[in-house]
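Each remark here refers to the structure printed beneath this line.
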Amino acid sequence: MSYYLDILFSRRRGLVTMLTLLLPAIAVLNGCDDGVLSFPDPDPAQVCVVNVTDDVDTLGIVVAATDSTTAVRGVVSGWLQCPAGRPTGFVLKNNQQQLRDTAFYTLGGKARVILFAYGSTKNVVEFRRAIQDTVLLATENPVIRFTHMAQNVDKFATVEVWIKDGPRLLPEDFDPGLSSNFASLPPGTYTFEIREYQSTNIAAILPNVTLERGKSYMLYTWDASAEQTDNVMLSIF
């Protein structure tokens with residue numbers, strides 16, 4: 001008899017414990033509409049697009065079907081705010097011609113993302129690189145990174161990044177589409193050179209660039225001409 005009573009009391013204790021655990025969850029569900037849990041939206045992200053296409057003079061960018069901006073060839077667009085934490089659609093246009101149907105990216109809260117758009121009106125235009133930018137403290141030195149986005153290249157297919165009359169800026173070698181890590185420099189004015197791999201031949205030069213304390217910069221190459229090989233341009237933002 002004692003054995004069966006022990007089993008009964010044990011089962012009752014288990015039932016009480018289960019109800020104790022379930023009651024908070026039931027209360028939460030009752031406090032939600034139709035039993036659906038809701039979570040706060042993350043802070044919006046920011047995104048910009050660099051137009052390194054072959055022949056789209058002014059690239060139109062539509063974000064989340066509502067916001068839009070443009071980027072002149074070789075230049076970066078302004079920063080756009082877009083939703084975070086869920087897929088956001090990007091559409092690329094050349095005037096009324098749709099170059100790229102909706103491409104979806106899910107961006108993190110407060111993210112700053114750089115997208116490089118490449119291709120041509122005769123071929124697909126798409127994003128070659130998606131790069132997470134960094135927001136720096138105002139007291140820190142400026143930082144700079146590099147992306148090799150020139151596509152119509154032969155001897156400049158692999159390049160190095162140098163400071164004119166100074167040291168090599170980045171230790172890596174870069175093939176088209178590759179990006180560097182950040183390099184930190186003291187605030188000041190610099191002239192940057194893109195050189196052929198293991199050579200002093202200069203592919204492009206960007207003189208008198210002033211880097212300010214606490215800012216991050218993107219240095220990038222792009223094709224000056226879709227028809228002419230190794231005609232490389234160098235820009236920064």
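The values are calculated or read from the model by the stated rules, or taken from the named source; none is laboratory data. Quick caveat: nothing in here was measured; it's all calculated off a predicted structure. Here the Cβ positions follow ideal geometry from the backbone for every residue, glycine too, while neighbour counts run over all protein chains shown.
Considering the range 184-197 alone, what residues qualify as being of a type in the set (S, T, N, Q) and either under 21 Å from ASP223 (Cα atoms) or touching a Cys at 6+ places or on another chain (Cβ under 9 Å) (or both)?
To start, the set of residues in the range 184-197 that are of a type in the set (S, T, N, Q) comprises 184, 189, 191.
Scanning the range 184-197 gives a single hit, THR191.
Tell me, which residue of the range 157-191 that is assigned to a loop (DSSP other than H, G, I, E, B) and over 27 Å from VAL113 (Cβ atoms) is farthest from the chain's Cα centre (by Cα)? Steps first, please.
In the first step, residues of the range 157-191 are kept if they are assigned to a loop (DSSP other than H, G, I, E, B); the result is 157-158, 164-167, 169-173, 175-178, 180-182, 185-187.
Imposing the further condition that a residue be over 27 Å from VAL113 (Cβ atoms) reduces the set to 164-167, 186.
Numbers: LYS164: 28, ASP165: 32, GLY166: 30, PRO167: 28, PRO186: 25 Å.
Step by step, filter the range 157-191, then rank; the result is ASP165.
Matching residues to (1) crowded, with 17+ Cβ neighbours inside 10 Å; (2) at positive phi:
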{"position": "THR158", "(1), (2)": "no, no"}
{"position": "SER180", "(1), (2)": "yes, no"}
{"position": "GLY188", "(1), (2)": "no, yes"}
{"position": "GLU193", "(1), (2)": "yes, no"}
{"position": "GLN198", "(1), (2)": "no, yes"}
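Here are some conditions: (1) at pLDDT 90 or above; (2) crowded, with 16+ Cβ neighbours inside 10 Å; (3) within 20 Å of MET218 (Cβ to Cβ). VAL72 meets all but one. Which one does it not meet?
(2)
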